[in-house]
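Inspection log for the structure reproduced underneath, given as structure tokens.
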Amino acid sequence: MVAWHSHAPAQLLYAASGLLRVETDAGLWVVPPHRAVWIPAGMLHQVRIARAVEMRTLYVQAELPGLSGECRVVAVSSLLRELIVTFAVLPPDYPPGGPVGRLAAVILDQLRAPAFDPLHLPLPRDPRLRRVAARLFADPSDRRPLRAWADTVGASARTLARLFEAETGMGFAAWRQQLRLHEALARLTAGEAVTGVAFAVGYDSPSAFIAMFRKALGASPQRYLDGRGGLPAAGRGRK
């Protein structure tokens, strides 16, 4: 794990293989293979590395209107992927008008209108919600509805539902599905079979899991992790 820190320039952290988890005050982002996470300048964050990861880092000082002041998981095209890998091994000091500078300009052009993968999991702050979240992180297959957690954490179902909406911007069911998606990506990246992953994260069948995955990320698990597809439906994942 890379402990809490920040960078003066913005950072583009690309996962060539393996899976990264980035945490800020705003929550968690999971970064599967062939994706990158945009970390704005000065943002305090930590990076959790799941097993063997091959990653590349670019530091960006230019203004990019397509990327806001929040973390985002960026869908990396084949062209951008090759540009990142090439640029990451070049010397950091270069004249803007030289070959390396021109390569940097192409990368910036690619980042000016990025597509985003919806892989943010906001974390609740209320201690009662934290207890619910901790149990679901430990067992994503737990199917209990929110009302079943009321006695366990000492709050009514209505209170818990209101707090989930207020603190995460999501209803409980949608939040739990996003947590399951995070866990599924981690397991799939580690090489687990789709069938086992589906049951481990609480789905009745592999087909139900694949349908959820495709709806959320725009491709089947295999195609998505191979980097051969995965952009959400038109208009989704862009700002």
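So here's what we get for this one:
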| item | result |
| --- | --- |
| Filter result for Glu23 (among the acidic types (Asp, Glu) and in contact with a Ser or Thr (Cβ under 8 Å, 6 or more places away or on another chain)) | no |
| Conditions (1) surrounded by fewer than 20 Cβ atoms within 10 Å (Cβ to Cβ); (2) touching a residue at least 12 places away in the same chain (Cβ under 8 Å); (3) closer than 25 Å to Arg223 by Cβ: number failed by Val30 | (1) |
| Extreme residue, farthest from Asp25 (Cα to Cα), among residues of the stretch 93-140 that are of a type in the set (Asp, Glu) and in a loop (DSSP other than H, G, I, E, B) | Asp93 |
| Residue pairs meeting the criteria (Cβ under 8 Å; at least 6 apart or on separate chains; first at positive phi, in the stretch 138-160; second in a helix (DSSP H, G or I) and surrounded by 13 or more Cβ atoms within 10 Å (Cβ to Cβ)) | Gly154/Arg128 |
| Index of the failed condition, Ala104 passing every other in (1) under 15 Å from Leu12 (Cα atoms); (2) touching a strand residue (DSSP E or B) at 6+ places or on another chain (Cβ under 7 Å) | (2) |
| Residue identified as at pLDDT below 95, under 21 Å from the mean Cα position of the chain (by Cα) and not assigned by TED's automatic domain parsing to the domain that holds Arg81 among Ala174, Ala184, Ala190, Ala211 | Ala190 |
| Yes/no for Gly69 being at negative phi and assigned to a helix (DSSP H, G or I) | no |
| Residues of the stretch 34-48 satisfying the condition of being under 13 Å from the mean Cα position of the chain (by Cα) and either surrounded by fewer than 19 Cβ atoms within 10 Å (Cβ to Cβ) or closer than 18 Å to Leu111 by Cα (or both) | His34, Arg35, Ala36, Val37, Trp38, Ile39, Arg48 |
| Pairs with Cβ under 6 Å, 6+ apart, first in the stretch 183-212 and touching a residue at least 12 places away in the same chain (Cβ under 8 Å), second part of a loop (DSSP other than H, G, I, E, B) and exposed (fewer than 13 other Cβ atoms within 10 Å of the Cβ) | Gly202/Arg143 |
| Pairs where the first residue, in the stretch 91-105, is free of Cβ contacts under 8 Å to residues at least 40 places away in the same chain and the second is surrounded by 10 or more Cβ atoms within 10 Å (Cβ to Cβ) and of a type in the set (Val, Ile, Thr), C-beta under 6 Å, 6+ apart | Tyr94/Val100 |
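The values are calculated or read from the model by the stated rules, or taken from the named source; none is laboratory data. Keep in mind that what you see is a predicted model, and the values were worked out from it rather than measured. Note that we place each Cβ from the backbone using ideal geometry, even for glycine, and neighbour counts take in every protein chain shown.
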